[in-house]
1. Looking at residue A:49 and the list (1) outside any helix (DSSP H, G or I); (2) at pLDDT 85 or above; (3) aromatic (Phe, Trp, Tyr), which single condition is not satisfied?
2. Quick test of your reading of the structure: residue A:224 fulfils all but one of (1) more than 14 Å from every other protein chain (Cβ to nearest Cβ); (2) at pLDDT 90 or above. Name the failing condition by number.
3. Does residue B:257 satisfy being closer than 30 Å to residue B:75 by Cα and surrounded by 15 or more Cβ atoms within 10 Å (Cβ to Cβ)?
4. Considering only residues of segment A:32-80 that are farther than 28 Å from residue A:252 by Cβ and among the hydroxyl-bearing types (Ser, Thr, Tyr), which is surrounded by the most Cβ atoms within 10 Å (Cβ to Cβ)?
5. Only residues that are among the charged types (D, E, K, R) and within 26 Å of residue A:135 (Cβ to Cβ): list them for segment A:204-252, please.
6. Looking at segment B:249-286 only, could you name the residues that are in contact (Cβ under 8 Å) with a residue 60 or more places away in the chain and in contact with a strand residue (DSSP E or B) (Cβ under 7 Å, 6 or more places away or on another chain)?
7. Can you give me the ranges of the helices (runs of 4 or more DSSP H) entirely in segment A:259-343 with at least 3 residues that are modelled with pLDDT under 85, of a type outside the set (Phe, Trp, Tyr) and under 25 Å from residue A:170 (Cα atoms)?
Amino acid sequence: MTRRGIALAVTSLLLLLGVVLSAGLGQLPIGPAQVLGSVAQRIGIANSWAPDQVLIEQTLWQIRFPRVAMSLLVGALLAVAGAVMQAIFGNPLAEPGVVGVSSGAALGAAATIATGVTFLGAWTTAVAAFLGGLAATLVVYATARAQGRTEIVTLLLTGVAVNAFAGAGLALFMFAGSSAAREQIVFWQLGTMNGSRWNEVLIVAVVGIPAAIVAITLAHRYDLLALGDRTASHLGVRVERLRIASVVIVALLTGVAVAFVGIIAFVGLVIPHLIRMLLGPSHHTLLLMSLLGGATLMVYADLLARTLIISADLPIGLLTSLVGGPFFYWLIRRNRKLAGGWV
Amino acid sequence: MTTRPMPAQPGPCHGAPRSQRVTPQAGSSAFSAVGVSYAVGSTQILRDVTVHIPYGRVLALVGPNGAGKSTLLGALTGDVTPSAGQVFLDGQALSHWQPRDLARTRAVLLQANAVAFSFTARQVIEMGRAPWIGTPQSDRDEEVIAAAITRTDVAHLQERSYPTMSGGERARVSLARVLAQETRIVLLDEPTAALDLRHQEDVLTIARELAREGRAVVVVLHDLSLAAAYSDDIAVMQGGKIVAHGTPHEVLTEELVERVYDTPVRVMIDSDTGAPIVMPRRTRTS
């Protein structure tokens, strides 16, 4: 079995285990057998494991499963967004949260919450988040890339600027908004899967999954991009077109991931990096495994967020940043040692 | 030397149907640059350059620093859009070519060959096959890659991570990538800059073999003796113009080299090959 096959099998198992655990654990404990039985019953397989209490059924299908599904999707999309961003910047430190795409998206979303606009129904927040994310990505892209190269310092400093601006915007909306809106915005900045609903999950899936699939179909071109813009174009890649398509993909993935659950940083940094270390930088494997790995990480992160402190729901963004921050620090140090500086 | 079959001939997007295209004859023009000028701001980098580059020959592009060699190469690859004049590839204006068809027609080795992320040398070489994905040619991927690896002497580097290799090793792996692309035109920008003596000779031997197979080869070089020994033609650039173009014997005269490089030289004849050798005249200082 190849390394890739092993990684795929192990991650899939972990993912399934995580889903069953996450659906089962909580204030109302539900056994793994009941979880599996309930799912089997829903897809038309009658079985004796299925729970017979209405409360358990309701808890599973109205609270736990939408939340698990949202974690899976958000984790997968953020990890893929990170990998795509790293591919187009040719740099492992690019990540939607770090360079400010996430906060741009959050700002767009906060604007609709604070002002109460709902011109597109349930889609309003998602669309605003996408536009905010796109604007932030374009700013970062335009600033940090010069003559086909990305300087890390410029990239990170642009991220600082975009994050600061979006932070101020968020603060403004909190100041101006109602107390209900204020509370919602605070939760966003911290990130939480709490209260995910099926219709939200559907929006994230409808936008995010096609965007992720498009990214995976571009994998081969991302490999060539690693040779530099000119060489990639000599090999037949329309570099500028690829970059612009990718910027839109990143904004879509990040925007829709952030729209309902808020800012969850570092997933797009940690997951692709781990996969590169294990399986190499080839983008087909990288994007596929990021999808799976991001989903897995997020299911466990959400499980921890819910169960670490009894009867409290920790913000999941807090948790990922707690782990991701030191990891980012380590990555910078390592990068610096390897590259001997900041290029 | 046996002549290898040329790869299939893709053409410009609105050229003749594939079946009617002919394999270019040795001697017919691969590239024609006609009256090409290029300026950045007020700096004129290329001035009215006209040059025809035939199939089946090695053309060495030489000249002092800043003469415009790399920019001319850039104009041929399409990276640089001339401010005046036009570049034709197989008789079609370069702007009419699709990127994919271009990639199947000409391969380029640049001076700088950095690779982001730690791809292995083998993976980098495999990327040279990208333009042929989805064509019958991709059935030969393994064979072509193996041949490119042998030819450039990088078999022992295959599993090494590209960013950890030395400059010379990277240059050879990148050359293998260019060979794997199997194009009928090969453009090499200072391929020998980071190489040791033996590998310099190896690379230019490869360039010569490529030309004998019917391909057009353009090499930017600084070492005039190397250019004289391995190229069929030499074009000398100075101040954005081609000031001389011909066989090594015609071009490399003491008078011309001294004028272009502004330093005294002695031109001798290699008794083994008959090719000119250009030596700077040095004076003992002690």
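The values are calculated or read from the model by the stated rules, or taken from the named source; none is laboratory data. Source: prediction; values computed, not measured. With ideal geometry, Cβ positions are generated from the backbone for all residues, glycine too; neighbour counts draw on all protein chains shown.
1. (2)
2. (1)
3. So residue B:257 fits the description; yes.
4. A:38
5. A:221, A:229, A:238, A:240, A:241, A:243
6. B:260
7. The helices (runs of 4 or more DSSP H) meeting that bar are A:316-339.
Here is a yes/no grid of residues against (1) among the hydroxyl-bearing types (Ser, Thr, Tyr); (2) in contact with a Leu (Cβ under 9 Å, 6 or more places away or on another chain); (3) at pLDDT 90 or above:
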site: B:7; (1), (2), (3): no, no, no
site: B:14; (1), (2), (3): no, no, no
site: B:50; (1), (2), (3): yes, no, yes
site: B:63; (1), (2), (3): no, no, yes
site: B:72; (1), (2), (3): no, yes, yes
site: B:80; (1), (2), (3): no, yes, yes
site: B:87; (1), (2), (3): no, yes, yes
site: B:108; (1), (2), (3): no, yes, yes
